[in-house]
Amino acid sequence: MSLVLTEDQQLLKDSAKNFCQQNAPISVLRKLRDEKSERGYDEAVWQQMVELGWPGMAVAEEHGGFEFGYAGLGVVLEESGRTLVNSPLIASVLFGASLLSEAGSAEQKSALLPKVVSGELLLAVAIDEAPVHNPQHINTSARKDGDHYILDGEKSFVLDGHIANKLIIVARTEGDVESTAGVSLFLVDSDAQGLDIQRTLMVDNRNAARLTLQQVKVPVESLLGGEGAGFEALDRVLDIVRIGVAAEMLGSATEVFERIVDYLKQREQFGVQIGSFQALQHRAAEMYSELELCKSVVRAAVGALDDDSKSTEDRAKMASLAKAKLCEVSELISNEGIQMHGGIGMTDEFDIGFFIKRARAAQQFLGDAAFHRNRYASLHNF
Amino acid sequence: MTTLEAFRDSTRTWLEENCPPSMRTPMIPEEIVWGGRDVEYVNPESKLWLDRMAEKGWTCPTWPQEYGGGGLSKDEASVLKDELSRINARIALTSFGISMLGPVLLEYGTHEQKMEHIPKIVRGEIRWCQGYSEPGAGSDLASLGTKAILDGDDYIVNGSKVWTSYADKADWIFCLVRTDFEVPKHSGISFLLFDMKSEGVTTKPIQLISGSSPFCETFFDNVRVPASQLMGRLNEGWTIAKRLLQHERTMISGFGLASGQGDRGGTTSTTASLEGAAMHYRGDKERISDPVLRDQIAQFKIDSEAFAFTSQRSLEESKQGGPNATSSMLKYYGCELNKRRYELFLKAMGSQALGWEGDSFEAEELQVTREWLRSKANSIEGGTLEVQLNIVAKRVLGLPDMLSLANKK
Ligand SMILES: Cc1cc2nc3c(=O)[nH]c(=O)nc-3n(C[C@H](O)[C@H](O)[C@H](O)COP(=O)(O)OP(=O)(O)OC[C@H]3O[C@@H](n4cnc5c(N)ncnc54)[C@H](O)[C@@H]3O)c2cc1C
Ligand SMILES: Cc1cc2nc3c(=O)[nH]c(=O)nc-3n(C[C@H](O)[C@H](O)[C@H](O)COP(=O)(O)OP(=O)(O)OC[C@H]3O[C@@H](n4cnc5c(N)ncnc54)[C@H](O)[C@@H]3O)c2cc1C
């Protein structure tokens, strides 16, 4: 497996970069925030992304996608991370469509995937119930009642929860709170009776929501995959999303680092460029090295998703490797992004603050460094 | 079948037939083959293995066949590497000739110099040492003062080197000398090759904190070196010197890579991998009972794996095959990783990693202690950690150089 992008992937990356810089620079995010945008993303930008075919990149051809693989989606996410683009690409496409592809029946897939690809349908996935990611900890219950299920429980930190048309809700049909057996996946319409969706305003201005399910009644056909057998598919898809988010984090960290280096060359104090101070040079060189490692693990992890010879466990190891490393380095670089800019780094007018906010949210999303180091160790039997 | 697959097949068959059984067991330090005129083989199969590999030029797989190398393409060489590691084959020959001098000799040497030296490097007949550092010229290598003055057809060399690894065992030296004292320091350096048996060369071993004494002080007292043994042009040795350092750094960065299956390889499972050691010395069954150590080991292994991917990517990206400024990044990171690895072995093994000698310790445990101490040199040899960071800051990131700013004012 090569760790260097193919020509096609590089072309896609260049055009994605161009698009994000031109059409979705950070000023778009700033505007969404300042105007308290209802939907939390720029619909015109999303429409253009749909026209570019991004939502269909990793979707099978028979369902209206392009089968360009996760490598394609990976480079797009990396570039959108550079300008902190808010869009349904993560929740609806990377997460929702992947879970649908992985767990859904043939009918569910052919009915819904083309609509995700065309942008008509927005999905969101609801797993976590506590402030700290733990996909096994599922308390939300689904009780069978004739040809229906009745869902009860609460979900938090649901990405794009308040704008999705359909939510995939992880609920327990049997078993203890921590057991992987008995976890089921349900497709629920956002306007279902008893489902309350509260948008939560987050520090990084990415859409998130809290769900309350009270006696939400869904037909048995809304089950994704077998009853009680949802965890395996969920776990596989969590790894896909973790890797995709790692790619996005790589883009953001790279952008911050480049801004730091530019500033070190531009800002003068004591009559010289501050980049001539060794105390800053060495920290910059260390960040550069860490970022090179990040780039390699993201390439390797995304590659593993497209490589049929890799097992689920191989991919799980790669996902935890990539997410752990990216969390750690994102924290380092986003902190230095402020520190090395001095006072101006603390100002809202200056963009660097957006990056540290997004970095922390991305770190928490689907497991932080400690979560993934623990998981990595367990997967490696120690 | 593609030609590459055919090559894999024939290589596999050849290795099956030619790699002696003991050469498929983990390397023991005493059996590492450095070659040279006075080479002694602790294990006779080491010699057999070297001779067979050298015959095919596979000790230096990508070097031109004209000079005794394997003449393999990069792809073939990586197939060979795969096949060697598939059977856990030992490295047949380790030498500074292979990792440092050879590549620059091929780039800068004359045809005659290559004909004379390369085949002997490939076959391990001549062992080389590196005469760079001096008492007054360490990180600031270009300030070196060992001088060479032309006298007829010879240079007369006077001065001294220090930290010369294996100078007492080497047959020849590649040596940086000053040939012009009137010009800026980088512009008066030349690159000489000469026999350590030349009259006027003496060496004095220095003991390391790890107890071994692999390096020396090296003295030159009116040593006569034929002018034909100058490599590259007069006073242009600095370019070659830096190029060689890139090769050296790439080689040293390899210390950051895990060996074989575990973190340090070895013959027993107790000290082969960090997690194995941590569990063994705590009597843990399924997972490391100390959560802090477990987390640190996981973090180390994540970095180590990420670093291995980065070495691989850097290889794929350097299309010309030569190392570049990223060699400094790899050197910095690889060496820090190796030091971290050994600090973790100490934590994993407790007092069993702190023995010096005697029966209370397994040979492998004593080896860990010595390796831990030796690892501290990684961020000094081949250019210190700080020097690598300076190079990354300047050459890769393009940050201004305080020293030259100061000189301008
Ligand atoms: C919340 C806040 C409140 C403040 N309140 C006040 C106030 O009440 N009154 C007031 O007068 N000021 C105030 N300041 C300004 C503050 O003192 C300056 O921001 C600070 O001195 C840094 O200067 P600078 O922002 O110009 O950064 P710069 O000096 O441009 O520094 C940029 C980066 O370069 C580094 N750097 C600079 N020189 C060197 C060197 N020689 N060696 C190594 N690294 C170097 C810095 O450490 C920093 O990381 C405040 C700042 C903040 C953020
Ligand atoms: C095991 C071992 C084997 C070796 N083998 C060889 C060999 O075979 N041949 C050979 O020629 N040499 C060899 N060396 C020597 C090695 O290359 C030098 O030790 C090294 O270049 C550092 O030089 P120094 O020891 O004089 O340290 P110094 O240059 O005096 O450095 C002392 C400290 O100051 C720091 N420092 C110096 N300059 C700067 C700067 N500009 N910015 C920031 N920090 C700085 C250094 O990083 C270091 O921490 C070997 C060394 C070791 C330890």
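The values are calculated or read from the model by the stated rules, or taken from the named source; none is laboratory data. These numbers were taken from a predicted model, which means no experiment stands behind them. Cβ sites come from the backbone with ideal geometry, for glycine too, and all protein chains shown count toward neighbours. Please note that ligands, DNA and RNA were not included when accessible areas were found on the heavy atoms of the full protein model with its side chains. Shrake-Rupley method; radii C 1.70, N 1.55, O 1.52, S 1.80 Å.
General remarks:
- Matching entry among A:317, A:325 (being in contact with a His (Cβ under 8 Å, 6 or more places away or on another chain), away from ligand 2 (no atom under 16 Å from the Cβ) and in contact (Cβ under 8 Å) with a residue 24 or more places away in the chain): A:317
- When A:292, A:336 are checked against the criterion of being open to solvent by 10 Å² or more (accessible area, probe 1.4 Å) and closer than 30 Å to residue A:33 by Cβ, A:336 stands alone in meeting it.
- Candidates in the range B:301-328 are the residues that are buried (at least 18 other Cβ atoms within 10 Å of the Cβ), in contact (Cβ under 8 Å) with a residue 40 or more places away in the chain and more than 20 Å from residue B:78 (Cα to Cα); of these, the one that is farthest from the other protein chains (Cβ to nearest Cβ) is B:304.
- If you check A:261, A:297 for being part of a helix (DSSP H, G or I), at the interface with chain B (Cβ under 9 Å from one of its Cβ atoms), over 26 Å from the mean Cα position of the chain (by Cα) and closer than 20 Å to residue A:81 by Cβ, only one passes: A:261.
- Of all residues making up the range B:80-92, the number that are part of a helix (DSSP H, G or I) and either more than 21 Å from residue B:48 (Cα to Cα) or under 21 Å from the mean Cα position of the chain (by Cα) (or both): 5
- All positions within the range B:48-79 that are in contact (Cβ under 8 Å) with a residue 60 or more places away in the chain, open to solvent by less than 20 Å² (accessible area, probe 1.4 Å) and over 20 Å from the mean Cα position of the chain (by Cα): B:79
- If only residues of the range A:256-276 that are over 18 Å from residue A:333 (Cα atoms) and without any contact (Cβ under 8 Å) to a residue 24 or more places away in the chain are counted, the one that is farthest from ligand 2 (Cβ to nearest atom) is A:266.
- Residue match in the range B:362-383 (condition: away from ligand 2 (no atom under 16 Å from the Cβ), away from chain A (no Cβ under 11 Å), surrounded by fewer than 22 Cβ atoms within 10 Å (Cβ to Cβ) and within 17 Å of the chain's Cα centre (by Cα)): no
- Summed over the range B:93-114, the residues that are open to solvent by 10 Å² or more (accessible area, probe 1.4 Å) and in contact with a Phe, Trp or Tyr (Cβ under 7 Å, 6 or more places away or on another chain) give a count of 5.
- Test for residue A:168: is it touching a residue at least 60 places away in the same chain (Cβ under 8 Å) and aliphatic (A, V, I, L, M): yes
- Whichever residue in the range B:140-191 is of a type in the set (Gly, Ala, Ser) and closer than 14 Å to residue B:234 by Cβ and, among such residues, is surrounded by the fewest Cβ atoms within 10 Å (Cβ to Cβ): B:187
Here is a yes/no grid of residues against (1) small (Gly, Ala, Ser); (2) more than 14 Å from chain B (Cβ to nearest Cβ):
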| position | (1), (2) |
| --- | --- |
| A:207 | no, yes |
| A:214 | no, yes |
| A:222 | yes, yes |
| A:226 | yes, yes |
| A:245 | no, yes |
| A:278 | no, no |
| A:283 | no, no |
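- Evaluation of residue A:63 against the conditions (1) open to solvent by less than 50 Å² (accessible area, probe 1.4 Å); (2) touching a residue at least 24 places away in the same chain (Cβ under 8 Å); (3) more than 17 Å from the chain's Cα centre (by Cα); (4) over 16 Å from residue A:119 (Cβ atoms) shows that the sole unmet condition is (4).
Rundown of residues vs (1) over 30 Å from residue A:2 (Cα atoms); (2) in contact with a Ser or Thr (Cβ under 7 Å, 6 or more places away or on another chain), yes/no style:
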| residue | (1), (2) |
| --- | --- |
| B:13 | no, no |
| B:24 | no, no |
| B:29 | yes, no |
| B:41 | yes, no |
| B:51 | yes, no |
| B:60 | no, no |
| B:76 | no, no |
| B:80 | no, yes |
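- Pairs with Cβ under 9 Å, 6+ apart, first in the range A:32-46 and surrounded by 11 or more Cβ atoms within 10 Å (Cβ to Cβ), second among the aromatic types (Phe, Trp, Tyr) and part of a loop (DSSP other than H, G, I, E, B): A:32/A:41
- Set side by side, the residues B:359, B:295 differ, and just one is out of contact with any Ser or Thr (no Cβ under 8 Å at 6 or more places or on another chain) and open to solvent by 60 Å² or more (accessible area, probe 1.4 Å), which is B:359.
- Of the numbered criteria (1) open to solvent by 40 Å² or more (accessible area, probe 1.4 Å); (2) within 19 Å of residue B:312 (Cα to Cα), the one residue A:347 fails is (2).
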